[in-house]
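A short worksheet on the structure shown next.
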């Protein structure tokens with residue numbers, strides 16, 4: 001069985017900030033049936049999960065990070081079976097923080113470059129000097145992508161030079177760009193290969209990964225197409241490396257996302273009785289937040305961010321309710337303070353039609369999936385998107401902009417698809433989509449038929465895991 005190590009900064013349930021955490025936590029569980037034994041390695045954070053679990057130290061070591069001597073330990077999880085071996089790198093002073101990426105001021109850590117280089121260097125040290133051997137290294141996003149360069153061009157790691165490397169772009173907007181002055185933080189490498197690090201005059205971790213990895217994929221076919229057509233300064237690089245690129249749609253774990261056994265729900269789906277399940281959870285939400293009944297309930301779960309189209313959603317909600325549309329909204333998320341204020345203002349103006357919860361709340365998100373009639377995702381870009389898959393699993397109709405993975409998973413009902421799709425994140429299109437929600441909800445037979453269709457769809461990891469296994473064997 002082929003052994004592949006996933007190198008990441010997120011993995012559910014240990015540490016998650018977004019969809020990448022779900023992917024890295026689930027994909028390794030499904031790979032063995034396709035002949036791949038997967039392991040995961042993460043930085044060791046100081047969050048609740050790590051402090052509650054026991055680890056065995058496998059290797060201790062040290063290396064130079066510029067003028068700083070870095071001591072590290074490679075540790076293996078002992079007291080819980082995640083379904084795959086789980087390793088972590090303990091680097092005191094670098095990752096022993098509760099938050100994965102953000103400092104107390106809400107911005108990225110000022111030593112982000114140093115800690116990412118330290119993490120990747122420690123892994124290369126371990127793989128070179130330790131007993132564990134892998135047939136492939138799978139790096140996730142720019143935070144781990146320099147590994148593909150280190151094993152190729154650093155003499156100390158030449159033992160690893162022929163190990164196949166795979167790189168997944170979960171979100172190409174984050175690129176790990178930093179000044180050439182910090183190249184002294186790298187392990188010693190052959191300087192004639194400087195060009196593999198450079199893009200637009202800076203070190204660009206994402207570009208380096210695309211150049212150096214054996215295979216590169218995005219988390220949906222449409223997102224890869226979008227990058228090859230419009231990835232600003234990196235468009236030409238994606239086109240140049242096209243032969244080794246692909247798009248593999250993310251899946252979801254049906255055991256974790258199961259309306260018949262969800263630990264966050266106080267009433268579960270029984271014997272496929274969807275009407276009773278949806279009615280119970282919808283009424284609970286309406287009562288809890290004082291929203292009007294007998295109208296469609298539209299949910300939003302996500303970051304209050306430009307990417308997610310949250311500002312456009314706020315405008316569309318205001319326009320819809322100003323036009324006396326018979327519809328209610330429940331909005332859960334946090335992020336941009338101005339967008340938060342706009343959403344909160346709507347909730348105060350229309351208290352019986354809008355509930356705004358400015359927070360991250362896993363339990364409430366499950367209740368929204370279970371209780372809403374529609375889930376809206378007006379994203380400006382979306383590499384894959386998982387919320388639309390979760391919503392369909394819980395019998396909630398997705399309403400999405402036709403970008404990236406949303407385009408791949410939610411064709412419009414007018415062409416026999418799975419939900420309501422609109423061209424792009426603009427107020428007029430989102431407002432029209434809300435009107436379509438109201439009309440569809442009134443047509444009970446059509447609405448129920450659509451619900452029955454989407455709950456029967458299979459978006460488990462099986463098909464995606466097989467595609468990754470094929471990539472590893474290619």
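Which pairs do you get when a residue that is within 24 Å of residue 217 (Cβ to Cβ), found in region 151-168, comes within reach of a residue that is modelled with pLDDT under 95 and assigned to a loop (DSSP other than H, G, I, E, B), reach meaning Cβ atoms under 8 angstrom, with the pair 6+ apart or on two chains? From residues that are within 24 Å of residue 217 (Cβ to Cβ), the pairs are 153/190. Please verify whether residue 448 is touching a helix residue (DSSP H, G or I) at 6+ places or on another chain (Cβ under 6 Å), farther than 30 Å from residue 3 by Cβ and either assigned to a helix (DSSP H, G or I) or touching a residue at least 12 places away in the same chain (Cβ under 8 Å) (or both), treating the condition exactly as stated. Taking the combined requirement at face value, the residue does not satisfy it. Just one residue in the set 239, 215 is under 17 Å from residue 139 (Cα atoms) and at pLDDT 95 or above; that residue is 215.
Look at residue 281 and say whether it is in contact (Cβ under 8 Å) with a residue 24 or more places away in the chain, assigned by TED's automatic domain parsing to the domain that holds residue 454, under 29 Å from the mean Cα position of the chain (by Cα) and crowded, with 19+ Cβ neighbours inside 10 Å. Reasoning before the result, please.
Numbers: in contact (Cβ under 8 Å) with a residue 24 or more places away in the chain: yes; assigned by TED's automatic domain parsing to the domain that holds residue 454: yes; under 29 Å from the mean Cα position of the chain (by Cα): yes; crowded, with 19+ Cβ neighbours inside 10 Å: yes.
For residue 281, the condition - in contact (Cβ under 8 Å) with a residue 24 or more places away in the chain, assigned by TED's automatic domain parsing to the domain that holds residue 454, under 29 Å from the mean Cα position of the chain (by Cα) and crowded, with 19+ Cβ neighbours inside 10 Å - is met.
Please determine whether any residue of region 441-450 is modelled with pLDDT of 95 or more, touching a strand residue (DSSP E or B) at 6+ places or on another chain (Cβ under 7 Å) and in the same structural domain as residue 293 (by TED's automatic domain parsing).
The answer is yes; a qualifying residue exists.
Which of the residues spanning region 335-371 are touching a residue at least 40 places away in the same chain (Cβ under 8 Å), in a helix (DSSP H, G or I) and out of contact with any helix residue (DSSP H, G or I) (no Cβ under 9 Å at 6 or more places or on another chain)? Once the filter is applied, which keeps residues that are touching a residue at least 40 places away in the same chain (Cβ under 8 Å), in a helix (DSSP H, G or I) and out of contact with any helix residue (DSSP H, G or I) (no Cβ under 9 Å at 6 or more places or on another chain), region 335-371 yields 362, 363.
Which residues, taken from region 164-178, are surrounded by fewer than 19 Cβ atoms within 10 Å (Cβ to Cβ) and touching a helix residue (DSSP H, G or I) at 6+ places or on another chain (Cβ under 9 Å)?
164, 174, 177, 178
The conditions of being at negative phi and assigned to a helix (DSSP H, G or I) are not met by residue 458. Residue count for region 331-363 satisfying the condition of being in contact with a strand residue (DSSP E or B) (Cβ under 6 Å, 6 or more places away or on another chain) and farther than 18 Å from residue 293 by Cα: 11. In region 105-112, the count of residues that are in contact with a helix residue (DSSP H, G or I) (Cβ under 9 Å, 6 or more places away or on another chain), surrounded by 15 or more Cβ atoms within 10 Å (Cβ to Cβ) and outside any strand (DSSP E or B) is one or more.
Taking the criterion of being out of contact with any strand residue (DSSP E or B) (no Cβ under 8 Å at 6 or more places or on another chain) and either outside the structural domain of residue 126 (by TED's automatic domain parsing) or touching a residue at least 60 places away in the same chain (Cβ under 8 Å) (or both), the residues of region 31-54 that qualify are 33, 34. Evaluating residue 407 against the criteria (1) surrounded by fewer than 18 Cβ atoms within 10 Å (Cβ to Cβ); (2) in the same structural domain as residue 383 (by TED's automatic domain parsing); (3) under 18 Å from residue 219 (Cβ atoms) leaves one unmet condition, (1).
Scanning region 8-41 for residues that are within 19 Å of residue 384 (Cβ to Cβ) and in a loop (DSSP other than H, G, I, E, B) gives 8, 9, 10, 12, 16, 17, 18, 31. Among all residues of region 55-68, there is at least one that is closer than 20 Å to residue 150 by Cα, without any contact (Cβ under 8 Å) to a residue 40 or more places away in the chain and outside any strand (DSSP E or B). Within region 253-283, being within 16 Å of residue 390 (Cβ to Cβ) and not in a loop (DSSP other than H, G, I, E, B) holds for 274, 277, 278, 281. Quick check: is even one residue across region 412-430 touching a residue at least 60 places away in the same chain (Cβ under 8 Å), assigned by TED's automatic domain parsing to the domain that holds residue 444, crowded, with 24+ Cβ neighbours inside 10 Å and in a helix (DSSP H, G or I)? Within region 412-430 (the criterion being touching a residue at least 60 places away in the same chain (Cβ under 8 Å), assigned by TED's automatic domain parsing to the domain that holds residue 444, crowded, with 24+ Cβ neighbours inside 10 Å and in a helix (DSSP H, G or I)), the answer is yes, since at least one residue qualifies.
Checked against (1) assigned by TED's automatic domain parsing to the domain that holds residue 450; (2) touching a residue at least 60 places away in the same chain (Cβ under 8 Å); (3) touching a helix residue (DSSP H, G or I) at 6+ places or on another chain (Cβ under 9 Å), residue 205 passes all but condition (1). The residue that is farthest from residue 334 (Cα to Cα), among those in region 284-315 that are over 25 Å from the mean Cα position of the chain (by Cα) and not in a helix (DSSP H, G or I), is 294. If you check 322, 299, 309 for being closer than 30 Å to residue 177 by Cα and assigned by TED's automatic domain parsing to the domain that holds residue 430, only one passes: 309. Of all the residues in region 18-58, those that are surrounded by fewer than 16 Cβ atoms within 10 Å (Cβ to Cβ) and touching a helix residue (DSSP H, G or I) at 6+ places or on another chain (Cβ under 7 Å) number 1. When the residues of region 340-384 are filtered to those that are surrounded by fewer than 24 Cβ atoms within 10 Å (Cβ to Cβ) and closer than 30 Å to residue 225 by Cβ, the one that is nearest to the chain's Cα centre (by Cα) is 381. When you check residue 298 against the structure, is it at pLDDT 95 or above and more than 30 Å from residue 142 (Cβ to Cβ), yes or no? Yes.
The values are calculated or read from the model by the stated rules, or taken from the named source; none is laboratory data. The shown structure was predicted, so the numbers you read here are calculated from the model rather than taken from an experiment. Here the Cβ is made from the backbone with ideal geometry for all residues, glycine too, and neighbour counts use every protein chain on show.
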